[in-house]
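Peer 1: Please see the structure below; I have some questions.
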Amino acid sequence: MTVAGISATRRDPRRLADRLARPVFLFCAVLTAAILVAVVGVLAVETARFFGAVSPVRFFTEVDWTPFAEEPRFGVLPLLAATAQITAGAAFLAVPAGLMTAVYMEYYAGVRTERALAGVTTMLAAVPTVVFGYFALTFVTPLLRSLWPGIEAFNGLSACLAVGLMILPTVVVLTRSALGAVPAALMETGLALGAARGRVVARVLVPAAAPGIVAAVFLAMARAAGETMIATLAAGNQAHLTWSPLEGLRTLTAFIAQSSLGDAPSGSVQYGAFFAVSAVLFAVTWGLHATGGLLMSRRNEGGVG
Amino acid sequence: MRGPKHARDGIGTACGVVAAGVVAAFLTVAVVLAGQAWSAADPGFLFDPSSRVADRAGIGPALTGTIWLLALTVALALPVGIGTAVYLEEYAPRTGVAAVVGGLVANLAGVPSVVYGVAGLALFARGLGMGASLLAGGCTLAVLALPTVVVTSRAAIRAVPRGLREAAYGLGATRWQVVRGQVLPAAAPGIVTGSCAAFTRTAGEAAPLLVLGAAAFMTFAPRTPADPLASLPTQVFAWSTRSQQDFAAVAAGAGVALLLVLLVMNLAARTIRGRMQGGSA
Amino acid sequence: MIPVLAAEDLTVRFGRRTALAGVTLEVPRGRIVSVIGPSGGGKTTLLRAFNRMNELKPGVTTTGTVRFNGVDLHGDEVDAVEVRRRIGMVFQQATLFPRSILDNVVFGPRAGGHTGDKLLELAEEVLVAVGLWSEVGEDIDRPAMQLSAGQRQRLCIARTLALRPEVLLLDEPTSALDPAATARIESLVHSLKRDHTIVLATHGRRQAARLSDFTAYLAGGELIEYGPTESLFTNPRDRRTESYLTGRIE
């Protein structure tokens with residue numbers, strides 16, 4: 001006899017399933033955690049080993065990146081600067097364009113136009129980055145060179161344009177969600193007070209959504225900084241410090257992707273350099289992404305308006 | 001309610017022009033790609049192996065490789081990702097280790113794919129001795145997809161109404177019965193949508209596969225996961241770097257084939273989702 | 001005689017918030033006990049403590065004891081899932097499973113591993129009991145979501161009855177319903193008294209007066225007063241109870 005009919009009936013098959021389910025799900029979670037710890041761990045270990053051979057001070061201050069030269073130099077600054085340039089350039093293009101497209105979709109477009117624009121955004125987001133890289137190299141660059149004869153075959157400008165187009169959907173989608181969180185009553189109140197639609201948008205709605213929009217910018221920049229194929233195909237492989245967008249650049253990502261890392265022997269200082277550069281890239285994108293995520297969650301907690 | 005949207009003013013016009021520009025940019029990409037690919041189009045292109053002569057080059061091995069990679073990625077990342085999401089949402093306490101893991105996973109979704117490639121090289125290709133194989137590529141892409149699958153699955157599970165869980169618990173259902181009978185069916189459409197987006201992204205990835213040492217030139221179609229790593233994205237890359245105009249056409253052809261694979265996958269996911277929603281109504 | 005349910009110095013906290021503070025109360029067999037009080041006063045928490053639903057929320061701590069037929073509900077041998085089958089609960093929000101009426105009714109027995117034709121007989125029996133059998137024209141394969149709000153809540157009661165529980169916990173079952181549907185539920189609750197012990201949390205003071213044998217007044221997580229319904233309503237001993245009953249506290 002069971003205790004008042006409320007004790008567990010241990011032989012019940014559904015109890016067995018219930019007792020098995022928890023460890024199975026726990027196993028999945030532990031596996032996920034273990035894999036991700038292994039990813040971070042292997043970067044950390046190899047980076048630490050690299051810094052045993054190359055001084056971190058020199059790594060972060062020198063301006064020569066010639067890892068495969070006879071006397072290799074490991075100054076990461078040119079790569080870091082190139083990544084910063086591509087990221088800033090892409091954001092400079094994509095943020096205003098994305099913001100304005102989002103504003104148009106939210107406050108001006110008719111239902112059909114809005115749907116068509118949403119479709120274009122979705123398709124743009126699904127295009128593999130290597131296809132954008134191809135587009136930059138075979139269409140944008142020749143176009144730029146016909147307009148601007150002095151431009152190099154590999155240049156930062158072409159990459160900026162393509163990366164900007166690539167991160168545009170991120171800006172549009174996240175900005176729309178930020179604008180969508182602004183109470184509709186604000187628009188009605190503004191219009192009822194006799195303000196023009198554009199004025200309400202520019203003075204009330206966009207400012208109210210600003211934290212979410214800023215978050216969108218950070219998340220888009222994280223994607224731009226980590227973009228590899230466009231930078232590899234269009235920006236080139238000259239690791240040198242330059243301010244000119246018309247010259248070739250080599251980003252952190254392009255160095256990793258292009259140097260046929262598969263051939264570098266494990267344990268060599270060159271092999272370590274890939275991990276050190278990856279770690280820098282990891283830190284940069286993690287910082288951008290975490291900042292964006294933080295702003296996003298703060299927006300969700302605080303509400304808008 | 002957004003009110004009537006037809007009203008126009010300076011800001012609206014400016015925004016409209018920019019939006020039109022975005023559409024134009026997208027169409028330019030599409031037209032350039034399609035125009036180039038057109039000249040590569042012939043029946044043999046889909047099945048022929050790669051070649052040093054552009055005219056005879058095909059995407060047979062690359063296409064097979066991408067399908068292999070996609071299957072491996074889904075098979076590895078989907079069960080583990082959904083299982084992790086279920087654990088974090090339905091079993092784990094909201095605080096402590098589980099919460100920290102949840103937060104880390106969310107941020108790892110933002111780490112660039114090329115970094116996963118470097119980690120995959122050390123862990124799978126060299127650490128586990130998989131070499132530059134499809135299996136190493138599949139494992140690396142699965143790790144890349146995992147955070148996104150977890151994050152979107154968690155969001156879908158969290159969106160399941162509380163009342164549904166409570167009603168089932170209140171009627172004496174076990175936790176497993178609640179998860180299997182209520183939570184997963186209700187969350188399934190969201191999980192499919194989110195995971196599909198993740199796999200669309202990984203299937204188009206070239207960077208991590210390049211790092212692993214993907215073959216640019218393969219004369220036979222891979223038959224097992226132990227065969228050398230070939231894929232459409234890396235094939236597009238390899239042909240794009242050739243300076244001859246002929247290779248620009250086959251690169252575009254491979255790019256269009258890649259887009260078609262992604263399209264088919266998204267249509268399949270949409271069908272599955274439609275069935276699910278039809279079945280539960 | 002042992003009371004069906006007995007709470008002793010029961011305290012429930014959600015994180016730092018105390019939802020129930022040292023409540024001691026006994027529910028006698030075969031009676032209707034109503035729990036009244038302002039929103040957030042602890043009515044729902046008390047009901048959920050009776051069938052161990054509180055522990056499903058994160059960060060909850062429970063101290064004190066709850067006994068069911070004299071057995072400690074939190075004892076080692078006791079299984080929360082079985083507790084919920086013996087002590088059925090109907091929630092404020094009538095949440096139906098997005099399936100057929102039949103699937104909803106037999107959810108509990110099925111979850112308990114029962115199958116076969118007996119389920120159909122059971123479904124008919126409980127649907128008749130709540131007065132839905134004739135209303136749905138015996139077509140129990142149609143989607144449950146087609147039912148009206150009042151019918152939904154009666155379906156929720158029916159699927160709880162299908163567990164053949166000893167106790168029914170009804171958490172404001174009429175708060176979302178119109179007067180006509182409310183009246184139907186009230187007469188149903190009255191008829192269920194024959195075979196069940198019922199604990200009814202309610203916002204409606206009149207509903208408590210109409211239906212229950214005993215009434216508990218909960219405010220701020222404390223049990224202010226508990227006694228036979230008639231004497232509590234006509235002659236409250238505590239001034240706070242009096243203020244609530246006369247409508248000075250909402």
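Peer 1: If I fit a long axis through the Cα atoms of helix C:149-161 and take the longest principal axis of the Cα atoms of chain C, what angle between them do I get, 0 to 90°, rounded to 10?
Peer 2: Roughly 90 degrees between the two axes.
Peer 1: For a footprinting-style exposure proxy, rank C:Phe97, B:Phe217, A:Phe51 by other Cβ within 10 Å, fewest first. Write down the numbers at each step before the final one.
Peer 2: On the way: C:Phe97 20, B:Phe217 13, A:Phe51 16.
Fewest-to-most ranking of C:Phe97, B:Phe217, A:Phe51: B:Phe217, A:Phe51, C:Phe97.
Peer 1: Do any trypsin sites (Lys or Arg not before Pro) in the range C:174-246 lie in a DSSP loop with no more than 10 other beta carbon atoms within 10 Å, and if so, which? Display every interim value, and only then the final one.
Peer 2: Working: sites: C:Arg184, C:Lys193, C:Arg194, C:Arg205, C:Arg206, C:Arg210, C:Arg237, C:Arg239, C:Arg240; in loops: C:Lys193, C:Arg194, C:Arg237.
Listed in order of number, the matching sites are C:Arg194.
Peer 1: OK, next. Mean-square fluctuation check for chain A, GNM, Cα pairs under 10 Å: which of A:Val217, A:Val171, A:Val103 is largest?
Peer 2: A:Val103
Peer 1: Next question. Using a 7 Å offset from Cα along Cα-Cβ at B:Val31, what residues in the range A:104-148 end up with backbone N under 15 Å from the label point?
Peer 2: The answer is A:139-140, A:143, whose backbone nitrogens lie closer than 15 Å to the label point.
Peer 1: Another one. Would you list, by chain and number, the aspartates and glutamates whose Cα falls below 12 Å from the Cα of C:Lys193, excluding same-chain residues fewer than 8 positions away?
Peer 2: C:Glu166, C:Asp213
Peer 1: Among C:Ile32, C:Ile87, which comes first, then next, by fewest other beta-carbon atoms within 10 Å?
Peer 2: Listing C:Ile32, C:Ile87 from fewest to most nearby Cβ atoms yields C:Ile32, C:Ile87.
Peer 1: Another question, then. Let me know the Kirkwood hydrodynamic radius for the range B:63-162, please, with Cα pairs as the basis and the value in Å to one decimal.
Peer 2: The Cα-based Kirkwood calculation yields 14.4 Å.
Peer 1: While we're here: Sorting B:Leu33, A:Leu246 on the 10 Å Cβ count, fewest up front, what's the list?
Peer 2: Ordered from fewest to most neighbouring Cβ atoms within 10 Å, B:Leu33, A:Leu246 come out as A:Leu246, B:Leu33.
Peer 1: Enumerate the aspartates and glutamates that C:Lys118 could reach by cross-link, defined here as Cα to Cα under 17 Å, with residues fewer than 8 away along the same chain left out.
Peer 2: Output for C:Lys118: C:Asp103, C:Glu138, C:Asp141.
Peer 1: Please give me, ordered by residue number, the GluC sites (Glu not before Pro) of the range C:134-214 that lie in loop per DSSP and have at most 12 other Cβ atoms within 10 Å.
Peer 2: Those satisfying the criteria are C:Glu138.
Peer 1: A follow-up question, please. Considering all alpha-carbon pairs of the protein assembly as shown, what whole percent are spaced by more than 50 angstrom?
Peer 2: Counting every Cα pair in the protein assembly as shown, those more than 50 Å apart make up 33 percent.
Peer 1: Test of understanding: in a Gaussian network model of chain B with alpha carbons linked when under 10 Å, which of B:Ala40, B:Ala197, B:Ala30 would top the mean-square fluctuation ranking?
Peer 2: B:Ala30
Peer 1: Could I ask something else about it? Helix-only estimate, please: 222 nm mean residue ellipticity of chain B, summing -39500 (n - 2.57) across DSSP H runs of length 4 or more and dividing by its residues, to the nearest 500.
Peer 2: So the helix-based figure for chain B works out to -22500 deg cm²/dmol.
Peer 1: Run the helix sum for chain A: -39,500 (n - 2.57) per DSSP H stretch of 4+ residues, divided by residue count, reported at 222 nm to the nearest 500 deg cm²/dmol. Don't jump to the answer; show the numbers that get you there.
Peer 2: Working: 12 runs with 204 residues, N = 305.
So the helix-based figure for chain A works out to -22500 deg cm²/dmol.
Peer 1: For all pairs of alpha-carbon atoms in chain C, what percent lies in each bin of width 10 Å, listed from the first bin to the last filled one?
Peer 2: P(r) for chain C, in whole percents per bin: 7, 31, 35, 21, 5, 0.
Peer 1: Which of A:Ala192, A:Ala82, A:Ala118 moves the most in a Gaussian network model of chain A with Cα springs under 10 Å?
Peer 2: A:Ala192
Peer 1: Considering only DSSP beta bridges with both partners in the protein assembly as shown, what is the antiparallel share in %, to the nearest 5?
Peer 2: Around 60 percent antiparallel, to the nearest 5.
Peer 1: Okay, helix-only estimate at 222 nm for chain C: each DSSP H run of n ≥ 4 adds -39500 (n - 2.57), divide by all residues, round to 500 deg cm²/dmol; what do you get?
Peer 2: Result for chain C: -9000 deg cm²/dmol, rounded to the nearest 500.
A short reminder: the numbers here are calculations on the coordinates, not readings from a lab. As the structure is a computational prediction, the values presented were derived from the model and not from experiment. Every residue, glycine among them, receives a Cβ derived from its backbone with ideal geometry; neighbour counts consider all protein chains shown.
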